[in-house]
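A.B. asks: Sharing a structure here in structure tokens format.
The values are calculated or read from the model by the stated rules, or taken from the named source; none is laboratory data. Computed from a prediction, not measured in an experiment: that's the story for all the values here. Don't worry about glycine lacking a Cβ; one is built from the backbone with ideal geometry, like all the others, and counts go over all protein chains shown.
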Amino acid sequence: MSDLREITAAVRRFAEEREWQPFHTPKNLAMALAGEAGELLALFQWLTAEESRGLSPARLAEVADEIADVQMYLAALADQLDIDIAGAVSAKMAKNALKYAADRFRGSARKYDDPPEAD
């Protein structure tokens, strides 16, 4: 599965085969998504930046599983709300380009509404 439409269709089929549609409300899917994101975060808790970039193969496999869980719940949530993820990402990137102009934010981790650092 290499694109979002295929992933969404596969997740939908999986839920339909198990008759899980009554449980896949937007609220429940958002809550499950948050839970899975927490499981992903737990794999990185207390690691240094360097350690987080040099995961063992076993830990990397765990991270891949959690990323998959997050993506599947995200795809299911977007499907329930009839949101095109690719379109939403494209629109949000355009908004972010305006909020975070490259010439003003290059090399900075500040938020768009934080004042620029004094020279």
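A.B. asks: May I ask you to list the residues in segment 35-54 that are in contact with a Phe, Trp or Tyr (Cβ under 9 Å, 6 or more places away or on another chain) and either among the basic types (Lys, Arg) or without any contact (Cβ under 8 Å) to a residue 12 or more places away in the chain (or both)?
C.D. replies: Residues satisfying the conditions are Gly35, Glu51, Ser52.
A.B. asks: Still on this structure: Report, by residue number, each residue of segment 41-87 that is within 15 Å of Ala10 (Cα to Cα) and out of contact with any His (no Cβ under 9 Å at 6 or more places or on another chain).
C.D. replies: Ala68, Asp69, Val70, Gln71, Met72, Tyr73, Leu74, Ala75, Ala78
A.B. asks: Same structure, new question: When segment 42-58 is examined, which residues are found to be exposed (fewer than 11 other Cβ atoms within 10 Å of the Cβ) and either under 15 Å from the mean Cα position of the chain (by Cα) or closer than 24 Å to Tyr73 by Cβ (or both)?
C.D. replies: Gln45, Ala58
A.B. asks: Identify, please: which residue in segment 78-119 is of a type in the set (Ser, Thr, Tyr) and either within 19 Å of Leu29 (Cβ to Cβ) or part of a loop (DSSP other than H, G, I, E, B) (or both) and is, among those, farthest from the chain's Cα centre (by Cα)?
C.D. replies: Once the filter is applied, the top-ranked residue is Ser108.
A.B. asks: Here's another thing I want to ask about it. Working only within segment 59-77, note down all residues that are within 15 Å of the chain's Cα centre (by Cα) and of a type in the set (A, V, I, L, M, F, W, C).
C.D. replies: Val63, Ala64, Ile67, Ala68, Val70, Met72, Leu74, Ala75, Ala76, Leu77, listed by residue number.
A.B. asks: Residues of segment 62-96 being free of Cβ contacts under 8 Å to residues at least 40 places away in the same chain and closer than 15 Å to Glu36 by Cα, which ones?
C.D. replies: Residues satisfying the conditions are Glu62, Val63, Ala64, Asp65, Glu66, Ile67, Ala68, Asp69, Val70.
A.B. asks: Would you mention how many residues in segment 2-19 are surrounded by fewer than 11 Cβ atoms within 10 Å (Cβ to Cβ) and either in contact with a Leu (Cβ under 6 Å, 6 or more places away or on another chain) or at pLDDT 95 or above (or both)?
C.D. replies: Residues flagged as surrounded by fewer than 11 Cβ atoms within 10 Å (Cβ to Cβ) and either in contact with a Leu (Cβ under 6 Å, 6 or more places away or on another chain) or at pLDDT 95 or above (or both) within segment 2-19 amount to 4.
A.B. asks: Here's another thing I want to ask about it. If Glu39 satisfies every condition in (1) closer than 27 Å to Ser90 by Cβ; (2) surrounded by fewer than 16 Cβ atoms within 10 Å (Cβ to Cβ) but one, which is the exception?
C.D. replies: (1)
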